[in-house]
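The values are calculated or read from the model by the stated rules, or taken from the named source; none is laboratory data. As the structure is a prediction and not an experimental result, all values here were calculated from the model. Here the Cβ positions follow ideal geometry from the backbone for every residue, glycine too, while neighbour counts run over all protein chains shown. These accessible areas exclude ligands, DNA and RNA; they are computed on the full protein's heavy atoms, side chains included. Shrake-Rupley method; radii C 1.70, N 1.55, O 1.52, S 1.80 Å.
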Amino acid sequence: MQKEIEKIQKIIKNRQQQTAVIIFLYGDLGSGKTTFVQKFSKTLNIKKKITSPTYQIRKDYEIKDQNYGLKNLIHIDLYRLKEEKNRTDVLKILDLKSKIKDKTNIIFIEWPDLVEKQIKIITTSVYFCNQEDKYIINIKEQ
């Protein structure tokens, strides 16, 4: 998982966009999405424990050292909303439009299929598969 974290760090370091860093996390339950965010948060010196936002849907964490010009890590889990009929409301409900415009945010979105078509900026997608207790991770920039 360290190799993939380093790849994301490189993407952030070399970014040209003037919006938030958006990382879509795809994978089945238990495939390592939240674990990835937890490990990545350590590279940003976030001291607060990162936990799954499944029930809260969104959790925000302050980045005290402001690595890569980032001030906030926002972790979103849309699993509980996957049956939501009015998907455009998801962006509004979670105040994502304003968060996406802020280049000091890094936003990890689990189960992003609910919002991926509404987010019209460059994103990075991370695909997780857990086989025999071993994580298989693929990263794709879009």
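Overview of values
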read-out	value
Convex hull of Cα atoms in the chain, direction-averaged projection (nm²)	8.0 nm²
Per residue, in Å², the accessible surface of the chain once ligands and nucleic acids are set aside, probe 1.4 Å	58 Å²
Cut-off of 10 Å, at most 10 other beta carbons, DSSP loop: longest stretch of the chain lacking such GluC sites (Glu not before Pro)	1-82
Carbon and sulfur %, accessible surface of the chain computed with the full protein complex present, 1.4 Å	47 percent
Antiparallel DSSP beta bridges within the range 50-111, percent to nearest 5	45 percent
Taking the chain and dividing mean pair separation by its residue count, relative contact order in percent (alpha carbons under 8 Å, at least six apart)	35 percent
GNM flexibility winner over the chain from ASN105, ASN130, ASN72 (Cα, springs under 10 Å)	ASN130
Semi-axes of the equivalent ellipsoid for the range 1-46, Cα gyration tensor, largest first, Å	20, 13, 10
Distant-in-sequence amide H partners of GLU110 (H built 1.01 Å from N, under 5 Å)	LEU25, ILE76, ASP77, LEU78
Theoretical ellipticity at 222 nm over the chain - DSSP helices of four or more residues, -39500 (n - 2.57) apiece, nearest 500	-7000 deg cm²/dmol
Tail fraction, Cα-Cα pairs, the range 1-85, threshold 15 Å, whole percent	62 percent
